[in-house]
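Below is one structure, written out as structure tokens; the observations come after it.
What follows is calculated from the coordinates using simple rules that are stated; it is not laboratory data. The structure displayed is predicted, hence computed values, not measured ones. Heads up, the Cβs are rebuilt from the backbone with ideal geometry, glycines too, and the neighbour counts pull from every protein chain shown.
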Amino acid sequence: MVIHIDWSTRSTLLLCVTETFLAIPAFNEWPSPESPMLSSLVEALRSRSKSLNNRVHRFNIELTWESVSDTDFERLNLELENGMPRPNRLTFAFWDDGALWIDARQPSKSGWQYGFSFYGTFDNVDAENVREMIEHSMWISNSDDMKSVWHECEPYTE
């Protein structure tokens, strides 16, 4: 909470109130993936942590392990929400084999303003570009714009 005191009138003015649900982690609290691909992505995000901290309302990053058919996969989960004017809720999952899942939504009074889901690969895009796409995604308000931001990533076709 930021409070400004106007000494000329001796009144207290409330300039802004911000609430952070999950803050950007301290420098030594970021996950440390074993995968070089995920490690470079974490490093790219960590390098912009101050900027992200000023622009997100909610931030969560975690490293998990999955086991599929006796094969272990490392997965980096990232959740972001910007605050205003309408919050974009972004969920990303990045696997160590280059797989990517995105879910982006913007709530409205009658459900969702827009929803975007994508499952594909990011292994052909360097970590700095992925970080830029994540940051651009925070301010998008429709599915077509999300598609254009993530156009470098190849969708999975089954």
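Summary table
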read-out	value
Proximal charge balance of V42 [Cβ under 13 Å; K/R count +1, D/E count -1]	-3
Convex hull volume per residue for region 37-158, taking Cα atoms only, in Å³	113
